[in-house]
Structure formats: C-alpha cells, structure tokens
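Undergrad: Shown below is the structure under consideration.
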Amino acid sequence: MGSVSHRADGAGGVCRVSLMVAAALALSGCVETAAELAPDADPHTHIARRPDVSLAGATVAFVSVDGPPAVVSANFVQDLRREAVAQDIAIVDVKKAHYFVRGYLSAYLTSEGAAVEYVWDVFTKDKTRAQRMNDVIAVKGQGSDPWAVAGDAALASVAAKSAEDLAAFLSNTPEAIAEVKSPAGATAHAAADETKALSYAPAE
C-alpha cells in the first residue's frame, strides 16, 4: 500500500454486495432499485459549503452501501458515520429523514496500484434524486486484490471526502437553518455602553 491521491478519471467495478445500514431496511421499496441507480459517467461536481447555516434540519438516513466485501463495508460504514458526525450531519431514522443516501463503491487494479471509485445518490422523500456525488481515489501499491491494495487509508479518505461533499450539499438545501449572528462588534459596543452608563450612575 502507498500514498493516496484523488483522481477524476477511470471506471470499473467489482461485485456488488448490498449492505443495509441500521434501520434502513424499513425503507425497502421507497426508492428505485439498485439496478436503476447504477453509477454512470457523471463528472465530479464540487459544491461549496455555506458557512452561515446549520445542517440540523436537513436530516439524513444512509440507506445502503453497495460494492465492497462485507467486512470492508462494515468498517467503511463506521468511518462514514464518524466523519458525518464530524461534519455536523444529522443522521436519523429513515422515518424522520428528509434525505436518503445510497452509496456505491468499486475497486480495481491500475498500473501503479489500485483505485477506489465512489458514487453517492441523494434522494428526497418523493424518490427524486436531488444530487449525485462521485470521485476516484488512486493508491500506489502491489497486489492482486484491489481492496487489499487500497487498504484502510484509502477507504478512510473516501469516507472523509464523502461526508464533506454531503455536508456541502446539505448546506444548500431548503432545510438548512440560517444561523442568527449578531453584527460584528455589537456585543463589544453593548458592553462599552453599559460600562459608560454605570460610570455616570449617581451614588446612593
């Protein structure tokens, strides 16, 4: 295994093994089938995160992560949830979610090692795909198993980048609640005025 880098080209895949996350089984049939949602060649799109909003209202349920072997998927899901929490993403039960997320990961060998490609589809309650996020991470190394060559470092990087991209998308949704911020210096001016008033208060 070696260094990890992002790359925006390449395509390939391995067998898909569906991993339903937590209570997401209850959502079965609420969004299109995996075959209908198969990753396509959509280019990676960068979304800027808005700094003036809260993601609390844009609740999310991770429905499934398809592609990796079961053990790899289990570890990846843990990384993803941890990174999502770090990005202030509100993960809730499917019955309370405003957005449903389905993920697809594939790994394949390259001339220098391996590459991990990920695709995330975000759906609204009415089954409409609101956003697709995808990218490829390349890893230098040797071996015959692309998942082994990629290793934990690449998957951790995918989890971090996925959570970052998802948070950026959610920050631009109607459910994102604008934060109430006081004008710069307002607090300082109020404190100064109070001090000034007290300094001229008559002594009893």
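Results for (1) touching a Pro at 6+ places or on another chain (Cβ under 8 Å); (2) buried (at least 21 other Cβ atoms within 10 Å of the Cβ); (3) at pLDDT 90 or above, shown as yes or no for each residue.
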{"position": "T124", "(1), (2), (3)": "no, no, yes"}
{"position": "R132", "(1), (2), (3)": "no, no, yes"}
{"position": "Q142", "(1), (2), (3)": "no, no, yes"}
{"position": "W147", "(1), (2), (3)": "yes, yes, yes"}
{"position": "P174", "(1), (2), (3)": "no, no, yes"}
{"position": "K181", "(1), (2), (3)": "no, no, no"}
{"position": "A197", "(1), (2), (3)": "no, no, no"}
{"position": "E204", "(1), (2), (3)": "no, no, no"}
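Undergrad: Assess whether A48 counts as being at pLDDT 50 or above and not in a loop (DSSP other than H, G, I, E, B).
TA: Taking the combined requirement at face value, the residue does not satisfy it.
Undergrad: Right, here's the next one. Cβ-Cβ below 8 Å, separation at least six or inter-chain, first residue in segment 119-148 and more than 27 Å from I89 (Cα to Cα), second of a type in the set (V, I, T) and not in a loop (DSSP other than H, G, I, E, B): which pairs?
TA: V139/V4; V139/V116; V139/V149; G141/V149; Q142/V149; G143/V149; P146/V116; W147/V72
Undergrad: Would you point out which residue out of A160, A154 is touching a residue at least 40 places away in the same chain (Cβ under 8 Å), among the small types (G, A, S), part of a helix (DSSP H, G or I) and surrounded by fewer than 19 Cβ atoms within 10 Å (Cβ to Cβ)?
TA: A160
Undergrad: Which of the numbered conditions does L55 fail, given that it passes all the others? Conditions: (1) under 14 Å from the mean Cα position of the chain (by Cα); (2) over 20 Å from R132 (Cα atoms); (3) among the aliphatic types (A, V, I, L, M); (4) modelled with pLDDT under 95.
TA: Against the list (1) under 14 Å from the mean Cα position of the chain (by Cα); (2) over 20 Å from R132 (Cα atoms); (3) among the aliphatic types (A, V, I, L, M); (4) modelled with pLDDT under 95, L55 comes up short only on (2).
Undergrad: Residues V63, V72, V77: which one is at pLDDT 75 or above and either touching a Cys at 6+ places or on another chain (Cβ under 6 Å) or part of a strand (DSSP E or B) (or both)?
TA: From the options V63, V72, V77, the qualifying one is V63.
Undergrad: Given the residues V119, V85, which is the only one that is part of a helix (DSSP H, G or I) and either among the β-branched types (V, I, T) or touching a Gly at 6+ places or on another chain (Cβ under 6 Å) (or both)?
TA: V85
Undergrad: Okay, next question. Polar (S, T, N, Q), surrounded by fewer than 21 Cβ atoms within 10 Å (Cβ to Cβ) and over 13 Å from the mean Cα position of the chain (by Cα): does that describe S106?
TA: Judged against the criteria, S106 is not a match.
The values are calculated or read from the model by the stated rules, or taken from the named source; none is laboratory data. Since the model is a prediction, treat every value here as computed from it, not as a measurement. Here Cβ is always computed from backbone atoms with ideal geometry, including for glycine, and neighbour counts include all displayed protein chains.
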